[in-house]
Amino acid sequence: MPDSLPAFPARPFSRLPFLDARSEVAAWPLADLDEPLLVADDRQRALLLQDYAQAQGQAASGPPRPRVLRCHLQTLLDGSLDALLGNQFVIELALPAVAHEADARALAEAIAQGQARGLRVAFDQAALASVWRPCVGQASYLRIDAGALPQGAVGAVAAAAREHRVPLAATAIVTAAQHAQAGAQGFSLFQGPWVMGRTPAGGV
């Protein structure tokens, strides 16, 4: 990976599972693939995480749940994740802070080519920027950080996202009021310490 890639921003509670409206585990965040403490070689790193996720899946009760791997856009575009396609993974992409139309076109092409081989992607709210919007409808979910946005902004972002007809995930849920409000705003996935204070019906 190029040295110029930015570090992932701190995301409190980012390793907690996503729960659905019935408090069942819907997906497990597994790792940030571009963190420097992981294996340096991209393909070796991907294979290592694949083995880990398969072991997690065998140990879990109930049906397999997607494992979320987070990475920079370039990691997807350079083919480093090809070994993971077709498995129980959702690749949540950290999109560049400065958006270029060429990057958006490359992402759309990568999604179109990869879906036939099992590629599933997700985005955060940055994908609602105009240059990325054509790709949002292909997402498994759109993650909106309910804890970081100003009061009242979550609903506005959710309203802008709903036109894409993809599941909305609210993260950093720390109170019952936040959880209830997110549900009323159309979110179907929830992550945060208050959510995990309830017993997940699906187990782990």
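The values are calculated or read from the model by the stated rules, or taken from the named source; none is laboratory data. Since the model is a prediction, treat every value here as computed from it, not as a measurement. Virtual Cβ from ideal backbone geometry, glycine too; neighbours counted across all protein chains shown. Side chains included, ligands, DNA and RNA excluded: accessible areas come from the protein's heavy atoms. Shrake-Rupley method; radii C 1.70, N 1.55, O 1.52, S 1.80 Å.
Given the criterion open to solvent by less than 40 Å² (accessible area, probe 1.4 Å) and either under 16 Å from the mean Cα position of the chain (by Cα) or modelled with pLDDT under 80 (or both), identify the matching residue among Asp34, Asp41.
Asp34
Determine whether Gln178 is part of a helix (DSSP H, G or I), modelled with pLDDT under 95, over 25 Å from Gly86 (Cβ atoms) and over 18 Å from the mean Cα position of the chain (by Cα).
Here the answer is yes, as Gln178 does meet what is asked.
Which of the numbered conditions does Ala97 fail, given that it passes all the others? Conditions: (1) within 28 Å of Gln178 (Cβ to Cβ); (2) open to solvent by less than 70 Å² (accessible area, probe 1.4 Å); (3) in a loop (DSSP other than H, G, I, E, B).
Unmet condition: (2).
Restricting attention to segment 76-99, report how many residues are among the aliphatic types (A, V, I, L, M) and at pLDDT 85 or above.
7
What are the residues in segment 165-190 that are crowded, with 18+ Cβ neighbours inside 10 Å, farther than 13 Å from Asp124 by Cα and without any contact (Cβ under 8 Å) to a residue 60 or more places away in the chain, if any?
Result: Ile173, Gln178, His179, Ala182, Gln185, Phe187.
Would you pick out the residues in segment 63-75 that are in contact with a strand residue (DSSP E or B) (Cβ under 6 Å, 6 or more places away or on another chain) and of a type outside the set (Val, Ile, Thr)?
Narrowing segment 63-75 to residues in contact with a strand residue (DSSP E or B) (Cβ under 6 Å, 6 or more places away or on another chain): 65-70, 72-73.
Passing the criteria: Arg65, Pro66, Arg67, Leu69, Arg70, His72, Leu73.
So, in segment 136-164, exactly how many residues are in a helix (DSSP H, G or I) and open to solvent by less than 40 Å² (accessible area, probe 1.4 Å)?
8
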